[in-house]
There are 2 protein chains.
Amino acid sequence: MTSKADLLNRLKEEILTLTLKPGTILSETAMSERFRMSRTPLRDVLKQLAHEGYIHVYPKRGNLVSAIDLESVEQIIYLRSTLEKDILKELASRSAPLPIRGMLELRQIVGQQEESVRREAGHEDFLRLDDAFHKALFALAGRVFLWDLIQQSNVHYARYRRLHLLQKEKLEEIIGEHRLILDLLENRDTGQIDEIVRHHLREDIHAADLRGNFAEYLNLPRLGESEDPGIRTDAEESGGQG
Amino acid sequence: MTSKADLLNRLKEEILTLTLKPGTILSETAMSERFRMSRTPLRDVLKQLAHEGYIHVYPKRGNLVSAIDLESVEQIIYLRSTLEKDILKELASRSAPLPIRGMLELRQIVGQQEESVRREAGHEDFLRLDDAFHKALFALAGRVFLWDLIQQSNVHYARYRRLHLLQKEKLEEIIGEHRLILDLLENRDTGQIDEIVRHHLREDIHAADLRGNFAEYLNLPRLGESEDPGIRTDAEESGGQG
DNA sequence: GTCGAGAGCCTTGTATACAAGATTAGCTAT
DNA sequence: ATAGCTAATCTTGTATACAAGGCTCTCGAC
């Protein structure tokens with residue numbers, strides 16, 4: 001009943017939203033029963049998840065949802081930060097006027113973010129709009145390709161954001177920064193872009209904050225190195241349909 | 001006899017070096033016979049190739065070595081250019097002295113490049129050293145992670161470089177720019193970095209040059225859209241062992 | 001001659017049996 | 001009681017039979 005693509009997206013979402021916690025076992029046989037699918041297509045799905053860093057395959061032992069790799073988080077933040085600075089400065093220093101439709105869309109997204117906060121629509125809704133905002137910026141500069149590329153490599157960063165948001169509710173600050181970015185663009189002000197982007201994407205992350213509260217999500221002890229991986233079974237918590 | 005990992009690397013190399021030309025059919029059954037391997041592990045290999053853009057899978061029809069996507073080339077060049085500018089400027093404006101070992105390694109690589117050109121060791125050797133140089137720059141800034149990330153997405157760019165090199169032999173110019181980059185670093189001169197990197201990575205590519213001579217490698221007509229894909233069989237040209 | 005239906009052959013997609021490595025539990029010898 | 005070996009039972013890895021969809025070539029109707 002569940003198609004391969006559906007299952008892939010579903011697992012991705014559950015891992016990204018931390019519904020499936022790092023360290024959870026994803027056994028081929030168990031899943032093939034649960035999703036009424038033979039092991040072959042299921043292995044395709046797991047292969048892809050492994051390739052994109054969602055899970056870690058321990059040969060002949062099992063597949064575990066990967067731990068959040070803080071090194072990867074830091075690198076991706078730097079990547080995004082560098083790119084967005086350059087993109088914004090390029091946009092702000094264009095001689096041609098900025099596309100009206102694009103800027104309008106950006107303003108609308110910021111409006112929706114305010115709406116989302118006011119309605120208390122939850123973190124996932126806010127994050128979705130936040131992604132939409134930044135993707136629209138990339139689009140404005142003709143760089144959606146690179147946005148998508150980063151998205152393929154952001155498993156760890158995406159989960160980091162969830163944990164980070166859980167700690168500090170700075171949603172209004174984020175919205176304010178979005179608005180400021182748009183103002184800078186329209187005023188053709190390139191002077192403050194570096195500073196704003198750096199702060200907005202929080203290059204100055206401090207892993208220590210997370211280590212205290214979410215240690216079990218981070219840097220899982222490696223399997224096969226005289227250290228117990230802390231395996232916990234998946235059970236039925238993610239709502240199979242069998 | 002051939003292991004899965006070996007086959008994967010081999011196919012990657014043959015595709016990157018254009019030994020396997022865009023449009024070449026990689027049939028599962030044919031390859032399984034040729035490499036004495038059952039279809040299951042072979043499909044794993046093809047899956048990964050597809051995921052990284054080396055081949056294009058037409059469901060129920062076949063797997064073709066992908067055409068060189070010039071859009072992807074342009075985007076990756078921009079990505080590399082932006083990152084390398086930032087990395088170099090960061091390195092050049094550090095208060096701490098640059099690591100002696102790292103700078104020595106970079107000088108050595110440039111020396112090897114001269115040696116390679118003098119010995120006429122061929123394009124592949126030169127490209128290998130060129131990659132080594134730029135990777136070493138990323139390493140100096142603690143950004144090897146991002147270098148590797150880009151490498152995973154550079155199928156089209158890597159092949160573009162081969163075609164480009166075939167046209168213009170500017171090897172000495174490239175070496176000179178490498179040397180200039182190192183000089184700028186040691187002199188802490190951030191002023192010329194933007195210009196040098198932009199020119200070095202040739203952001204100003206002109207696809208037209210390639211379209212004339214290598215049209216058959218680019219933008220293959222899409223299969224299944226009333227257009228013949230121009231399929232040519234793989235035959236035995238890549239040296240099977242069966 | 002031209003168009004269309006259909007069979008055969010091609011491809012990839014799926015299911016499942018079997019192989020092989022890894023861990024663990026238990027039994028035996030000391 | 002404990003150390004060590006063995007066997008059972010997990011896991012993923014592989015081989016292969018079968019299913020299903022797409023293309024082409026042929027044959028037939030018009």
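The values are calculated or read from the model by the stated rules, or taken from the named source; none is laboratory data. None of the values given here were measured: they were computed from a predicted structure. Methodologically, a virtual Cβ is constructed for each residue, glycine included, from the backbone with ideal geometry; neighbour enumeration extends over all protein chains shown. Keep in mind that these areas ignore ligands, DNA and RNA; they rest on the heavy atoms of the full protein, side chains included. Shrake-Rupley method; radii C 1.70, N 1.55, O 1.52, S 1.80 Å.
Can you confirm whether residue A:223 is modelled with pLDDT of 80 or more and surrounded by 13 or more Cβ atoms within 10 Å (Cβ to Cβ)? Judged against the criteria, residue A:223 is not a match. Considering only the stretch A:4-19, I want to know if a residue exists there that is within 8 Å of DNA strand D (Cβ to nearest atom) and modelled with pLDDT of 95 or more. Looking through the stretch A:4-19, none of the residues is within 8 Å of DNA strand D (Cβ to nearest atom) and modelled with pLDDT of 95 or more. Scanning the stretch B:136-193 for residues being open to solvent by less than 20 Å² (accessible area, probe 1.4 Å), farther than 20 Å from residue B:110 by Cα and within 14 Å of chain A (Cβ to nearest Cβ) gives a total of 5.
Here are B:24, B:40, B:17: which of them is outside the structural domain of residue B:156 (by TED's automatic domain parsing) and without any contact (Cβ under 8 Å) to a residue 40 or more places away in the chain?
On inspection, the qualifying residue turns out to be B:40.
Of all the listed residues (B:40, B:29), the sole one being within 11 Å of chain A (Cβ to nearest Cβ) and over 30 Å from residue B:143 (Cα atoms) is B:40.
Residue count for the stretch B:63-110 under the criterion of being more than 14 Å from every other protein chain (Cβ to nearest Cβ), open to solvent by less than 10 Å² (accessible area, probe 1.4 Å) and either polar (S, T, N, Q) or assigned to a helix (DSSP H, G or I) (or both): the result is 3. Within the stretch B:24-58, being part of a helix (DSSP H, G or I), near DNA strand C (Cβ under 9 Å from one of its atoms) and among the β-branched types (Val, Ile, Thr) holds for B:29, B:40. Of the candidates B:82, B:40, the single residue that is hydroxyl-bearing (Ser, Thr, Tyr) and farther than 30 Å from residue B:181 by Cβ is B:40.
Applying a threshold of 7 Å to beta carbon distances and a minimum spacing of six or more residues, or different chains, the list of pairs starting in the stretch A:172-184 at a residue that is assigned by TED's automatic domain parsing to the domain that holds residue A:108 and without any contact (Cβ under 8 Å) to a residue 24 or more places away in the chain and ending at one that is part of a helix (DSSP H, G or I) and crowded, with 16+ Cβ neighbours inside 10 Å reads A:177/A:196; A:177/A:200; A:180/A:196. Could you go through the stretch A:66-89 and let me know if any residue there is polar (S, T, N, Q) and within 16 Å of DNA strand C (Cβ to nearest atom). Checked against the condition, which is being polar (S, T, N, Q) and within 16 Å of DNA strand C (Cβ to nearest atom), the stretch A:66-89 yields no hits at all.
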